[in-house]
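Trainee: Could you have a look at this structure, given as structure tokens, before my questions?
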Amino acid sequence: MKKSIVIIFLILSTTAMAKEVEKATLGGGCFWCTEAVYLELEGVVDVKPGYSGGHVKNPSYKEVCTGTTGHAEAVQITFDPEVVSYSQILEVFFATHDPTTLNRQGNDVGTQYRSAIFYHNEQQRETAEKVIRELEEEKVYDRPIVTEITAFDKFYVAEDYHQNYYARNKSQGYCQFIIAPKLDKFRKVFKDQLKK
């Protein structure tokens, strides 16, 4: 009897652990900002800052900063679609960066800071196009959206010191003056979707 209970428990545990998750890869300017936002969103399992959309293998941060590798600073988000949809992921994306400035976010200038969606499948591509179309129809922005929509190819995780950067460096100037206000805005607008 005990053996069958243990087997049932193991089957249930394995089924729960095999829960389907999806990935979203987005470039919204500085990946420190984007990572900090998504780490607080309900349904997000993991967020990794890194580089996507370029032509150099295993680029370093220093190389990406030159703008010659073709990569965007990006985050790869692992999320539970039963809790947060891809459409909601994109809603947060468009609310927390400026998708109308080409190759820049505020004082961060260069192709590595471009607004980009690297879709993992056709459904993500269609959703991204639909969300952008709706934002433009509703005239949410004064200028046209210049967000690049590109098929996902590779994602290179950034160096260790970039991981969870905001949480580990809150007193640093960039974190206080750029990331903290962005997080405050995000928390107010998406207060019902924050992790408890």
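The values are calculated or read from the model by the stated rules, or taken from the named source; none is laboratory data. From a predicted model like this one, the values you see are computed outputs, not experimental measurements. Heads up, the Cβs are rebuilt from the backbone with ideal geometry, glycines too, and the neighbour counts pull from every protein chain shown. Side chains included, ligands, DNA and RNA excluded: accessible areas come from the protein's heavy atoms. Shrake-Rupley method; radii C 1.70, N 1.55, O 1.52, S 1.80 Å.
Trainee: Looking at segment 27-47 only, could you name the residues that are within 18 Å of Lys196 (Cα to Cα) and either in contact with a helix residue (DSSP H, G or I) (Cβ under 6 Å, 6 or more places away or on another chain) or surrounded by fewer than 22 Cβ atoms within 10 Å (Cβ to Cβ) (or both)?
Mentor: Result: Ala36, Val37, Leu39, Glu40, Leu41, Glu42, Gly43, Val44, Val45, Asp46, Val47.
Trainee: Quick one: Gln176 ticks every box in (1) free of Cβ contacts under 8 Å to residues at least 60 places away in the same chain; (2) open to solvent by less than 70 Å² (accessible area, probe 1.4 Å); (3) not charged (D, E, K, R) bar one, so which box is it?
Mentor: Unmet condition: (2).
Trainee: Can you pull out every residue in segment 53-84 that is assigned to a loop (DSSP other than H, G, I, E, B) and closer than 22 Å to Ile145 by Cα?
Mentor: Gly53, Gly54, Gly67, Gly70, His71, listed by residue number.
Trainee: Can you say whether Val92 is closer than 21 Å to Val21 by Cα, open to solvent by 60 Å² or more (accessible area, probe 1.4 Å) and touching a residue at least 12 places away in the same chain (Cβ under 8 Å), as far as the supplied structure shows?
Mentor: Considered against the rule, which asks whether it is closer than 21 Å to Val21 by Cα, open to solvent by 60 Å² or more (accessible area, probe 1.4 Å) and touching a residue at least 12 places away in the same chain (Cβ under 8 Å), Val92 comes out as no.
Trainee: Among the residues that make up segment 48-59, is at least one of them in contact with a helix residue (DSSP H, G or I) (Cβ under 9 Å, 6 or more places away or on another chain), open to solvent by less than 50 Å² (accessible area, probe 1.4 Å) and of a type in the set (Ser, Thr, Tyr)?
Mentor: Yes, the conditions are met somewhere in segment 48-59.
Trainee: State yes or no: is Val84 closer than 19 Å to Gln124 by Cα and in contact with a Ser or Thr (Cβ under 7 Å, 6 or more places away or on another chain)?
Mentor: no
Trainee: Among Arg125, Arg114, which is the only one that is among the basic types (Lys, Arg) and open to solvent by less than 30 Å² (accessible area, probe 1.4 Å)?
Mentor: Arg114
Trainee: May I ask you to list pairs of residues, at least six apart or on different chains, whose Cβ atoms are under 8 Å apart, with the first in segment 108-132 being closer than 20 Å to Gly54 by Cβ and the second being of a type in the set (Asp, Glu) and surrounded by fewer than 23 Cβ atoms within 10 Å (Cβ to Cβ)?
Mentor: Arg114/Glu148; Ser115/Asp98; Ser115/Glu148; Ala116/Glu148; Ile117/Glu148; Phe118/Asp153; His120/Glu22
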